[in-house]
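See structure below.
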Amino acid sequence: MKVWKDKAGNKLTAQEFMQRWKEGINKITPLQQTQNQVNGYFIVIIGELFGIYITLASGQWWLFTILLGGFMISKAQATGIYQKKLILKKLEGGTI
């Protein structure tokens, strides 16, 4: 049974869809993967900062403490991934 459609409008079976998806995943470069991680951490950090603000306003100190610790860890991880992204950009550009 053909359920999905490709960009050209051709209908695909589940097996054909999974095969194309697998091929697409295999073509992802390390720089693309790292850029997605940077974007994801940005969203996480925004959420944690918003949560910290809300918990301070509502006086939930125990939740504030947990979010503050999570924010510090996320910030450190995001910094490392951002540095990795810069290195991969230099490698792709041939400047190293």
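Quick note: the coordinates plus some simple rules give every number you see, no bench work behind them. Because the structure is a prediction, the values reported are computed rather than measured. Methodologically, a virtual Cβ is constructed for each residue, glycine included, from the backbone with ideal geometry; neighbour enumeration extends over all protein chains shown.
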Residues TRP62, TRP21, sorted so that the one with the fewest Cβ neighbours within 10 Å comes first: TRP62, TRP21
Which cross-chain or sequence-distant (5 or more) residues have an amide H under 5 Å from the amide H of TRP4, H modelled 1.01 Å from N in plane? LEU12
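Using the reciprocal of the averaged 1/r over all distinct C-alpha pairs, how large is the Kirkwood radius of region 2-93 in Å?
Working: mean 1/r = 0.0610 Å⁻¹.
Taking every pair of different Cα atoms in region 2-93, averaging 1/r and inverting gives 16.4 Å.
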What are the ³J(HN,Hα) values, in whole Hz, obtained from phi via the Karplus relation 6.51 cos²θ - 1.76 cosθ + 1.60 with θ = phi - 60°, for each residue of region 32-49 in sequence order, with x given for Gly and Pro? 5, 4, 5, 4, 5, 5, 4, 4, x, 5, 4, 5, 4, 5, 4, x, 5, 5
First measure r as the distance between the Cβ atoms of TRP62 and ASN39, then evaluate 1/(1 + (r/R0)^6) with R0 = 41 Å and state the FRET efficiency to the nearest 0.05. 0.85
Under 8 Å for C-alpha pairs, at least 6 residues apart: give me the relative contact order for the chain, rounded to a whole percent. 25
